[in-house]
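**Q** So that we are looking at the same thing, I have put the structure below in structure tokens.
Derivation of every value follows stated rules applied to the coordinates shown; laboratory data play no part. Source: prediction; values computed, not measured. FYI the Cβ positions are ideal-geometry reconstructions off the backbone, even for glycines, and counts take in every protein chain you see.
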Amino acid sequence: MADETRAGRLFPYPENSWANKEFTWRFESAIEERAQSALNIGAHQCSRMNPWPCDTLDVDQEPDRTRDLLKEYWGVTNTVESRQTVGRLLDGMHSATYEVVFPLVSAAISKTEGHTSEAHRDYLALRAYSRQQSPDHWVGCYDALNQLRTTVKPFAGLTHPAWPEHIRAWDFARLPYVVRATRNAGYLDDDECWPILHANLEAARGYYPNWRQFAHGVIVGRMFWRALTDINTATEYGQTAADAVNALLVRPDSPWRRLPLHPTTI
């Protein structure tokens, strides 16, 4: 409980914040704990940024609308693409790139001898060419994180002033949204959804000790993701994520307050 109380102080929110809105629960009694925990990984997007119930795979949205959104924002139009997207999220869709550029940016910022932004860009371009990848992509990711680190100061939405070495939470947290949306669209069925969600839960537990640190990864991940296309609004997007996870950390009806990230042992 100490982490959640501390988080409440670190996440101040305005009157129109999501922290003032109740969470939606479908069932009067709790569902099986492992299933609920698996759904909780995606709670910031499924139960705050979208008003979906916390305790079911069901989505309160017309399937045609869901299919349109999946196509527009995820490029997903069928079962195969649904599985591919889920696989990329489990592998670290954005974190895998972040993890390559993070130590380089850190070394440049700390002015480690031999480490300059120019040298790093040359290295990333050479690395991309050797892998038959786009050098512009890798250099762009480096520049985005470098700009974030040098221009964005820690704000109330960050759970810790340090920048994390990875942003796996950002990928884990979006996977349940994709799973629930693709199920609603008719691309995945229950027998496929639950094993995916359980695998995602175990992966998240392997990287994070508690919800507060998981929240940190979600916030920084969303800022990095936004910085890749618009550095000027990255802080705004980070604050939106901070508002969402703050609600999960401080509201008594939050799924994160009902179950810790890791199961308790007696």
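**Q** Rank 93, 116, 139 by how far each Cα sits towards the positive end of the charge dipole of the chain (+1 on Lys, Arg Cβ; -1 on Asp, Glu Cβ) and give me just the farthest.
**A** Working it through, the farthest residue towards the positive pole turns out to be 116.
**Q** Pull out the extension gain between residue 49 and residue 229, defined as 0.36 nm times the separation in residues minus the alpha carbon to alpha carbon distance; nm, one decimal. Write down the numbers at each step before the final one.
**A** On the way: separation 180, 0.36 × 180 = 64.80 nm, distance 2.05 nm.
Between residue 49 and residue 229, full extension yields 62.7 nm more.
**Q** Now for a separate question. What net charge do the residues around residue 83 carry, taking every other residue with its C-beta under 13 Å from that of residue 83, with Lys and Arg at +1 and Asp and Glu at -1? Don't skip to the answer; put the middle values down first.
**A** Numbers: positive: 88, 183; negative: 81, 91, 189, 192.
Overall, the nearby charge balance is -2.
**Q** OK, next. According to the square roots a ≥ b ≥ c of the eigenvalues of the Cα gyration tensor, what is the shape class of region 117-217, taking rounded for a/c under 1.5, prolate for a/b larger than b/c otherwise, and oblate for the remainder? Kindly include the intermediate steps, with their values, before the conclusion.
**A** Values: a/c = 2.60, a/b = 1.44, b/c = 1.81.
Oblate.
**Q** With a Förster radius of 30 Å, plug the Cβ-Cβ distance of residue 119 and residue 162 into 1/(1 + (r/R0)^6) and report the FRET value to the nearest 0.05.
**A** On the way: r = 24 Å, r/R0 = 0.81.
Efficiency computed from Cβ-Cβ geometry: 0.75.
**Q** Could you run the Karplus curve 6.51 cos²θ - 1.76 cosθ + 1.60 with θ = phi - 60° over region 44-52 and give me ³J(HN,Hα) per residue in whole Hz, x for Gly and Pro?
**A** 5, 8, 7, 10, 10, 6, 10, x, 8
**Q** Next question. Can you work out D for region 96-151 in µm² s⁻¹ from Stokes-Einstein, where Rh is the Kirkwood radius over C-alpha pairs, the temperature is 4 °C and the viscosity is 1.567 mPa s? All intermediate terms of the calculation are to be shown ahead of the outcome.
**A** Details: Rh = 11.2 Å.
Estimated diffusion coefficient is 116 µm²/s.
**Q** Nearest 10 degrees, 0 to 90: what angle lies between the long axis of helix 211-227 and the longest principal axis of the chain (Cα atoms)?
**A** 50 degrees
**Q** Taking the chain as the reference, fit the longest principal axis to its C-alpha atoms, fit the long axis of helix 95-109 to the helix C-alpha atoms, and give the angle between the two in degrees, 0 to 90, nearest 10.
**A** For 95-109 against the chain, the angle is about 40 degrees.
**Q** What share of Cα pairs, in percent, lie more than 27 angstrom apart in the chain? Don't skip to the end; give the middle numbers.
**A** Values: 14007 of 35245 pairs.
Percent of Cα pairs beyond 27 Å in the chain: 40.
**Q** Quick one: longest stretch of the chain between exposed loop GluC sites (Glu not before Pro), exposed meaning at most 10 other C-beta atoms within 10 Å and loop per DSSP?
**A** Numbers: sites that count: 15, 22, 28, 32, 113.
After excluding every exposed loop site, the longest remaining stretch is 114-266.
**Q** If I fit a long axis through the Cα atoms of helix 168-185 and take the longest principal axis of the Cα atoms of the chain, what angle between them do I get, 0 to 90°, rounded to 10?
**A** Helix 168-185 sits roughly 50 degrees off the main axis of the chain.
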